[in-house]
Amino acid sequence: MKKLFKEFKDFINRGNALALAIGVIIGSAFSSVVGAINSKIISPLIGLLIGDADLSNSLITVLKTDAEGNVTNAIYWGAFLQAVIDFILIALILFIISKIVLTVVAKAKEVVDKGHDEEVVVASEPEPEPVKPATEVLLEEIRDLLKEEKNAK
C-alpha cells in the first residue's frame, strides 16, 4: 500500500496530473463560455437570417406525430447546427491557443539552447598555462644569460 501511495505521490508531483486537472477545469469553463457565445449571440444572428429567433428549436423535420398532432419524433437540425458551431469555435480557439503556447515554448527553448551554446564556447576556450614557480623562472633566466655570454665570446 505504501508503494502505491508513493507512486501516486510521484505521479502527482510530476506536474502532468496537475496540469491535466487544471486543463479539464479550464476546458469545462471555456466550453460553457463558448456555448453561451454561440447560443446568445451567434445563433440568434443565424436565426434572423432564417426567420426564427431560436436556432436550436428551428429547422425541425417532423418524422411522426400522435393522433392529436403532437410531435413524437423529429430531427432538430437547428440544435445540430448549434452544436457544430460550438465545436468549430472551440476547436478554432484551442488551435490558436496551442499555436501561441507552442511558439512561446519554442522561443524559450531557443533562448535556453543559445545560453547553453555560449557556455560551451566559454568552456572550450584554451586554459591559461599554469604559472611556473619563481625558482624555475630564475633558473631559466640564468640559463638564458649564460647562453648569451657564450654566444658573445
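Side notes on the structure shown:
- Considering residues of the range 49-76 that are more than 20 Å from Gly35 (Cα to Cα) and in contact with a Phe, Trp or Tyr (Cβ under 9 Å, 6 or more places away or on another chain) only, the residue surrounded by the fewest Cβ atoms within 10 Å (Cβ to Cβ): Thr61
- Single condition Ser56 does not satisfy, out of (1) in contact with a helix residue (DSSP H, G or I) (Cβ under 8 Å, 6 or more places away or on another chain); (2) among the hydroxyl-bearing types (Ser, Thr, Tyr); (3) free of Cβ contacts under 8 Å to residues at least 12 places away in the same chain: (3)
- Failed criterion for Phe80 (all others in (1) in contact with a Leu (Cβ under 8 Å, 6 or more places away or on another chain); (2) part of a helix (DSSP H, G or I) hold): (1)
Rule-based calculations on the coordinates, nothing more; no lab input. Note that the coordinates shown come from a computational prediction; the quantities given were computed from them, not determined experimentally. Note: ideal-geometry Cβ built from the backbone for every residue, glycine included; neighbour counts use all protein chains shown.
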